[in-house]
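The values are calculated or read from the model by the stated rules, or taken from the named source; none is laboratory data. Worth saying up front: this structure is predicted, and the values here are computed from it rather than measured. All Cβ positions, glycine included, derive from the backbone under ideal geometry; neighbour counts span all protein chains shown. For the accessible areas, the whole protein counts, side chains as well, though only heavy atoms, and no ligand, DNA or RNA atoms are used. Shrake-Rupley method; radii C 1.70, N 1.55, O 1.52, S 1.80 Å.
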Amino acid sequence: MTRPTRESASTDDWIGASCLCGAVRFEITRPPKLTVCNCSACRRLNARWAYAPPCEAQFLTGEGTTVGYARGEKSLAFHHCPTCGCVTHWQSLIDENRAFNMALADDPAALDGVRVRHFDGADTWAFLD
């Protein structure tokens, strides 16, 4: 199965999202799942992560302007808008993986029916469901 690309996917396959002020905008293909993590960072951010890959994602505005914050083992950096402070995504510092904060979806109803998995990043590093 091939993943959709912006050129081949229907408009319904893409979900738009932005920070509060709109300076950072991205779109992502409808994710097969969202992850809610309870580690100390994600718990405070209250994010719902969609991973790319397997999703296709692209920035529409603001790519390269976000401010990254790496903590602990410094294996990933959480990125936020420099204007409004919304956390838009995290980027791995060791490979090409990244995840986008779907709590920023322009139309939250676009995520209806997407499975939400709960990940224990605070203790076991396993899914709780």
Listed residues D120, D107; which is charged (D, E, K, R), in contact (Cβ under 8 Å) with a residue 60 or more places away in the chain, surrounded by 12 or more Cβ atoms within 10 Å (Cβ to Cβ) and farther than 17 Å from A52 by Cα? D120
Boolean, W125 is without any contact (Cβ under 8 Å) to a residue 24 or more places away in the chain and hydrophobic (A, V, I, L, M, F, W, C): yes
Which members of the stretch 63-80 meet the condition of being buried (at least 16 other Cβ atoms within 10 Å of the Cβ) and under 20 Å from S40 (Cα atoms)? L76, A77, F78, H79, H80
Might you check whether a residue that is outside any loop (DSSP other than H, G, I, E, B) and at pLDDT 95 or above occurs anywhere in the stretch 5-12? no
So, of the residues in the stretch 79-95 that are touching a His at 6+ places or on another chain (Cβ under 8 Å) and not in a loop (DSSP other than H, G, I, E, B), which turns out to be farthest from R115 (Cα to Cα)? H79
Among what's in the stretch 40-62 and is touching a strand residue (DSSP E or B) at 6+ places or on another chain (Cβ under 8 Å) and in a loop (DSSP other than H, G, I, E, B), pick the residue that is most open to solvent (accessible area, probe 1.4 Å). R48
